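> Below you will find the structure I want to go over with you.
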Amino acid sequence: MYPTRTRHRTPLDPALSKIPEPPEEFGQDGGKFYECYDKLAADMDEETTYVLKEQLEGLLLFVFALTRTPQAGLFAGINTTFLFLTLPMMWSDAFMDTNALIGQTNSILVQIALGRNGSIPSYVDLPSTSYTPSSEIVTINVLFCLSLTFAVISSFLAMLGRQWLFYYRKQGGGGPDRERWEQLQRFLGARRWRLELILDDVLPSLLQMGLIIFCFAFVTFLRTLSHRVSTIVSIPLLLALTFFMGTALCVTWDKFCPFQSPLSHFFEGVLHSISRIVTLFAKGFISFSQSLKEVWTTGTFGDQRHTPAQIINAIQEFEFNSILDGSPRVNRLFRTLKSGRKEDPLESLQIFALQRSVCTSEDPVTLLCAVANIPTITNPKHVQKLWEDKAFQERLIKLYMGSFDRTLRLLGRDQVDLAREAEQLYGAAVTHILFYLDSVKSISDNLLKCLRDTEGFKPLGVRAPKSISADTLPVFVQTSLAHALISILQFPPLISDVQNLCAHINSCSDALVYPDWKLLSLVSWAIAQLPRIGSLYNSDFERMARAFMGDVDTTPELINKAFEVITARKDVYTLDCERVLTNLLTCSSQVVTDECPHPEMRMDQILVLLRCAEKALRSASGSSEARTLVGRMRDAVSPKFKKACVREHSLWSEITTVSPEVLDTLISLFEALVEPSPTKSSKDEDMQTFRAFKPLLDNILSAETVFGWESGEHTADELPTSLVQRLNTLRQVLKQFIPDLDVYQDDLETPETDDSVNDGSSA
């Protein structure tokens, strides 16, 4: 829960001429977001502590006289006065014993004066020894003392609360970054331990309980004096109590009722808990009754048949064991009690800072800077934690829906470009959350439906700007392109929409000069869908989500399809084929040459990328820049192969560990290039490809190579059938690739049995 008091509001800087863009990492936007958040957090903390301090001071002034004003300490003074009157009634009056002794003395004197010798009565037990206060007196004093006790406890807690608030606002030093996260952890700790609930509800409720008990004691005390007076006084007190209870109940019916009090909050919690308990009990009772009926009638418990007595014993034993056995929650509790609670990691604090900024701020700059940092969160667990906050969900969707009109109202109706940039930023943040929650299917479906049912998707011309600045980071380009593609999935596009999308793809591809695997994957997917752009629907969302996340298994094939669409130059609309092809090759070459390494990229996938680039180079006109990029990719493959697949076996030999996938991909690479090459440039490219691969081919096809294949190591005279077949296929493909080549001509003999190793002694 976040405070719903006065929101942080700062006028938008009239000199604002640029909407912030997502930074490369969270908070790395020149300190804009942290500056706005620090101001917001300081204002909110100051307001919270001020309100609580005012309430605590009022409580202390009402209970005890902390000033010299006669009104101060009213309740404690009145309560003490009545205790001064009622406490002496708890024991006997000393005058009763005095009167009894005086009476005895007078009797003795009378007997002496009359000269009588009769017995003189004596009081062995004085009246005080047998005195017992009435039950009414005991009840009155108990109530008055209990009322004063509640007042003292509330005042003590109020003083303690002032110390808590002082610690909450105390500056720890160590620089602005440390102070920011330390204060945020204090805020989270105060929310976790319900500081505001204790100071705002528990303390006043103690004092209110003391006042109610005092009223009951007062009426009871008056009843011992006069029933008529007691009845007259109890009427207004009863009306006041009824009014108090009625105002508290009103809040349970209307949550915006102004009669808020600790009692009304208690009633709300009780009614909510009762409704949940009744609902759960009803569902559980129905389910248990059906299961018990089925078990009792069929005698089946699990996969075996049992008697009813055995079933009951099994249930009791299960419940007993479940209580005794250490559950994960119990074990976690004991670990926490032993070592204490760990501090929140920085990533969690950043999530809370985002939630707090979006949910509580009304400052447009703060909101824009906060939303710009959402696409930098790439951990799905953190994104899910961010989206689990219902207040954050509602607030972000509301901001997204009205971002365009709200920006126009703030900046002026002539600032349409800035309004569209602001709308694009909010859309990028929502799109980022949508794709990173794709694994949580129910959440992503609900979010997608919410966007579809609102004004989130307008004509694509607004969603897809035709130009993107050169310094825009890939993460913003990626989310912007994905947002435009979602619009295509939701509504059948017009020709003008597709043309706008192609123009947007042209601009997005320019961002590939800053190599980004996910952006390369999404741009390739978008280009590959152009021939069927009119038939896309929601069923393609999952494939688009895999492309957005940069699935390493499917992206190389997407790049291949994108190259095929570009080189075919059919159904490309306004796509700048040369420009996009060069950008795709630039990013692909940076991936292969380790300028932008992918940690999960396998050797066979690297060969697939090179095969796509080689085919595209031969199918297109082939600019000098494209040839240079493909040449860099060729030159990088052989060293990467040696690093990944070759290791020393002895001083004179090496072991080449290749998988069937690597050999198959290598074969398919040369098969794809075995095509008529009418131009001299194509033949030149073939020779350059062969020269780049010659060290790799020499290693694989050498008779001295020791292969690490599948489950063992094999020399040239004991190779498994599957490996021999692939090596022979590779030789045949190389003959077709360069017919004049005299190297690698001799095929290996295939062993008689598959995957067997020939015995050297039998040879």
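The values are calculated or read from the model by the stated rules, or taken from the named source; none is laboratory data. Keep in mind the model is a prediction, meaning the values are calculated, not measured. Glycine also receives a Cβ, built like all others from the backbone with ideal geometry; neighbour counts cover every protein chain displayed. Please note that ligands, DNA and RNA were not included when accessible areas were found on the heavy atoms of the full protein model with its side chains. Shrake-Rupley method; radii C 1.70, N 1.55, O 1.52, S 1.80 Å.
> With every protein chain kept in place and ligands, DNA and RNA left out, what is the accessible area per residue of segment 533-641? Probe 1.4 Å, answer in Å².
Values: 4310 Å² over 109 residues.
For segment 533-641, the per-residue accessible area is 40 Å².
> Which one, L617, Q590, V580, is farthest towards the positive end of the dipole of segment 567-620 when Lys and Arg carry +1 and Asp and Glu -1 on their Cβ?
Toward the positive end, the furthest listed residue is L617.
> So how do 367-377, 253-263, 204-214, 21-31 stack up, highest first, on mean other-Cβ count within 10 Å? Kindly include the intermediate steps, with their values, before the conclusion.
On the way: 367-377: 23.5, 253-263: 12.8, 204-214: 19.3, 21-31: 17.2.
My ranking of the peptides, most packed first, is 367-377, 204-214, 21-31, 253-263.
> Tell me the chymotrypsin sites (Phe, Trp or Tyr not before Pro) within segment 534-568 that lie in a loop according to DSSP and have at most 13 other beta-carbon atoms within 10 Å. Show your work: numbers first, answer last.
Values: sites: Y537, F541, F548, F563; in loops: Y537.
Loop-located and lightly packed - Y537.
> On a 31 Å Cα-Cα criterion, which of the cross-link pairs K381/K642; K643/K683; K283/K398; K39/K390; K18/K561; K561/K694 come out too long? Provide the component values of the computation, followed by the final result.
Working: K381/K642 38 Å; K643/K683 29 Å; K283/K398 35 Å; K39/K390 24 Å; K18/K561 37 Å; K561/K694 28 Å.
In this structure, K381/K642; K283/K398; K18/K561 exceed 31 Å between Cα atoms.
> Probe radius 1.4 Å, ligands and nucleic acids ignored: give me the carbon and sulfur share of the accessible area of segment 530-636 as a rounded percent.
On the way: 2050 of 4330 Å².
Here it works out to 47 percent.
> Something else now. Please report the carbon-and-sulfur percent of the accessible area for segment 156-273; probe 1.4 Å, protein heavy atoms only, DNA, RNA and ligands left out.
Details: 5230 of 7360 Å².
Of the solvent-accessible surface of segment 156-273, carbon and sulfur hold 71 percent.
> While we're looking at this one, here's another question. How would you rank 230-241, 137-148, 342-353, highest first, on the average number of other Cβ atoms within 10 Å across their residues? Spell out each step's value before the answer.
Details: 230-241: 12.9, 137-148: 19.2, 342-353: 16.1.
Peptide ranking by packing, descending: 137-148, 342-353, 230-241.
> For segment 140-242, which trypsin sites (Lys or Arg not before Pro) are both in a DSSP coil and crowded by at most 12 other Cβ atoms within 10 Å?
Numbers: sites: R162, R169, K170, R178, R180, R186, R191, R192, R194, R223, R228; in loops: R169, K170, R194.
Taking segment 140-242 and a limit of 12 other Cβ atoms within 10 Å, the loop trypsin sites (Lys or Arg not before Pro) found are K170, R194.
> Considering only protein heavy atoms, what per residue accessible area in square angstrom results for segment 186-261 with a 1.4 angstrom probe?
Ligands and nucleic acids excluded, the result is 62 Å² per residue.
> Provide Y34, Y167, Y514 ordered by accessible surface of protein heavy atoms (probe 1.4 Å), highest first.
Numbers: Y34 35, Y167 135, Y514 110 Å².
Largest accessible area first, the list is Y167, Y514, Y34.
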